[in-house]
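Undergrad: Could you have a look at this structure, given as structure tokens, before my questions?
The values are calculated or read from the model by the stated rules, or taken from the named source; none is laboratory data. Given the structure is predicted, the values throughout are model-derived calculations rather than measurements. Heads up, the Cβs are rebuilt from the backbone with ideal geometry, glycines too, and the neighbour counts pull from every protein chain shown. For the accessible areas, the whole protein counts, side chains as well, though only heavy atoms, and no ligand, DNA or RNA atoms are used. Shrake-Rupley method; radii C 1.70, N 1.55, O 1.52, S 1.80 Å.
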Amino acid sequence: MDWLLYFLASIAGSLMTFLFIILMARPFIKRFTAAFMKILMKDRYAENIWEMVSAFIRLSPRITIENSLRAANGGIIERPFGSPKKFLHFDGLMFSPAQLAVLPTDGETDIKTETVIGPRAKRPLVLDIPVILGGMAYGVGVSDKVKIAQAWGTGIVGSATNIGEGTLLPEEREKAKYIFVQYHSAKWAKEREIFEQADAIEIHIGQGASAAVPAKIPPETLSGKARDILGLKPGETAELPRKIKEIKRPKDLKKIVQELKEITDGVPVGIKICAGNQLEKDMEIGIEAGVDFISIDGGQAGTKGSPPIIQDDFGLPTIYALSRAVRYLEEGDAKNKISLLVGGGFYTPGDCLKAIALGADAVYLGTAALWAMTHTQVAKTVPFEPPTTLVFYPGRFKDQFNTEEAAYSLANFLSAFTEEMKIATIALGKKSIRDVDRSDLVALDELTSKVTNIPTAY
């Protein structure tokens, strides 16, 4: 009992000391506050610190800091993840619950979650769940530990990972159940044996957060293992031209599609495009080239880093792009022939299911999945460094990233997304996520209604 009394006495002593400090400090705090308030209330506005509050209301701290970064280096700044701007998204849509007119599904029903990518392909890709990862590149984007964790985590739940504009790591292929390999504009990862390991191939034309502008990665941020794997010489700048050199005219895409199908013995081959006002024409070129799927990046999509002007002022918001793409496929009688994948600003199961209800075959995540992977590991960097230093290839703390922990965090995250979507499907009176459609939605405002062609609730 002596140790218990000692422990209680220690706590009591600590509390008394704390209260004593507060009581002693109270006059000083009061005096300081009074002096500060006097200055605040009397200084003329141009010399008053409150001017900063007024300025920040008019000009956000984000814009102020970004303009300071421009002033510091005189060049293009690169913002991670994506645009902080608020675009019209899926908040204006609500699901209509089944009750009497439509009866809910029995809670014991096994809700189907499978989705097929490329139904017309010789070897269609059947995913266990309709939520996958968007492309994140090794080296030019994230570390090898992150890529392996992505493959591992998606493999556990039967989802798919995507190598992005990097290359395919052997450990990544080993851990992944399904993997998308990108055919991109860079000079690396073009070997036949890489494509032969793909479950689907995505021809990278553009992406939402960086459109189709070229990118250069300086040698000081791409050293070591990645430089060797990507085949770069010492001191060489890694370049992503964005424009694939084999495509000099739109019709040249068809040859690439056919060659990739032949190399892979018929896995689905598709294109990834950022959504612009020429969306339907871009899709038409892809369909004429014989693609099996189309991945569309909305304006809210993220990236490792790109100029704010591209993130904030280019492209169509995801809900606009998805609605137009579905309408185009339906009008051309191609909806059940060409799979439609969509990404850009998806952070919740509800938004994912709404996208599927509008006509998407699968939704891909980027930023949300990356945050889920870091989970409690962010404690290794914050508050003095951002979590990007844990996951990006040149990050100072990348070696502290725990691959296995991240893989299971990602698997839990994707499982939770799927389980919530299954519960919603039951509440809609359906037995498969694929059965959820536009008839299950209502719009809360006229703009959302016009964009999506969903009737308003009123």
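Undergrad: Only helices (runs of 4 or more DSSP H) wholly contained in the stretch 346-448 count here; list those with 3 or more residues that are buried (at least 16 other Cβ atoms within 10 Å of the Cβ) and in contact with a Leu (Cβ under 9 Å, 6 or more places away or on another chain).
TA: 349-358, 367-374, 403-427
Undergrad: Another question about this same structure. Return the total of residues in the stretch 219-230 being buried (at least 16 other Cβ atoms within 10 Å of the Cβ) and in contact with a Lys or Arg (Cβ under 9 Å, 6 or more places away or on another chain).
TA: The number of residues fulfilling the criteria is 2.
Undergrad: Please work out which one of (1) farther than 25 Å from V126 by Cβ; (2) hydrophobic (A, V, I, L, M, F, W, C); (3) under 22 Å from the mean Cα position of the chain (by Cα) is the condition I356 fails and give its number.
TA: (1)
Undergrad: Any residue in the stretch 274-302 that is free of Cβ contacts under 8 Å to residues at least 60 places away in the same chain and more than 29 Å from F81 (Cβ to Cβ) sitting within a Cβ distance under 7 Å of a residue that is assigned to a helix (DSSP H, G or I) and hydrophobic (A, V, I, L, M, F, W, C)? List the pairs, counting only those 6 or more apart or interchain.
TA: Here the result reads I285/L253; A289/L253; A289/V257; G290/V257, each pair linking the stretch 274-302 to a residue that is assigned to a helix (DSSP H, G or I) and hydrophobic (A, V, I, L, M, F, W, C).
Undergrad: For the stretch 303-334, give me the residue count where each residue is assigned to a loop (DSSP other than H, G, I, E, B) and open to solvent by less than 40 Å² (accessible area, probe 1.4 Å).
TA: Adding up the residues that qualify gives 6.
Undergrad: For the stretch 267-288: of the residues being in a loop (DSSP other than H, G, I, E, B) and crowded, with 21+ Cβ neighbours inside 10 Å, which is modelled with the lowest pLDDT?
TA: Ranking the qualifying residues of the stretch 267-288, first place goes to A275.
Undergrad: Now a separate question. May I ask you to verify whether A209 is touching a helix residue (DSSP H, G or I) at 6+ places or on another chain (Cβ under 9 Å) and closer than 30 Å to I129 by Cα?
TA: yes
Undergrad: Right, another one. Please find, among P80, P130, P124, P104, the residue that is open to solvent by 60 Å² or more (accessible area, probe 1.4 Å) and of a type outside the set (V, I, T).
TA: On inspection, the qualifying residue turns out to be P104.
Undergrad: Among the residues of the stretch 227-245, are any under 27 Å from the mean Cα position of the chain (by Cα), part of a helix (DSSP H, G or I) and either of a type in the set (A, V, I, L, M, F, W, C) or at pLDDT 95 or above (or both)?
TA: Yes, the stretch 227-245 contains a residue that is under 27 Å from the mean Cα position of the chain (by Cα), part of a helix (DSSP H, G or I) and either of a type in the set (A, V, I, L, M, F, W, C) or at pLDDT 95 or above (or both).
Undergrad: Would you confirm, using the coordinates I've provided, whether K216 is open to solvent by 10 Å² or more (accessible area, probe 1.4 Å), within 18 Å of Y393 (Cβ to Cβ) and touching a residue at least 60 places away in the same chain (Cβ under 8 Å)?
TA: No.
Undergrad: Determine which single condition S185 fails, assuming it passes every other condition in (1) open to solvent by less than 10 Å² (accessible area, probe 1.4 Å); (2) in a loop (DSSP other than H, G, I, E, B); (3) of a type in the set (G, A, S); (4) in contact (Cβ under 8 Å) with a residue 60 or more places away in the chain.
TA: (1)
Undergrad: Scan the stretch 152-182 for residues that are under 18 Å from F417 (Cβ atoms), within 19 Å of the chain's Cα centre (by Cα) and among the hydrophobic types (A, V, I, L, M, F, W, C) and jot them down.
TA: Once the filter is applied, which keeps residues that are under 18 Å from F417 (Cβ atoms), within 19 Å of the chain's Cα centre (by Cα) and among the hydrophobic types (A, V, I, L, M, F, W, C), the stretch 152-182 yields W152, V157, A160.
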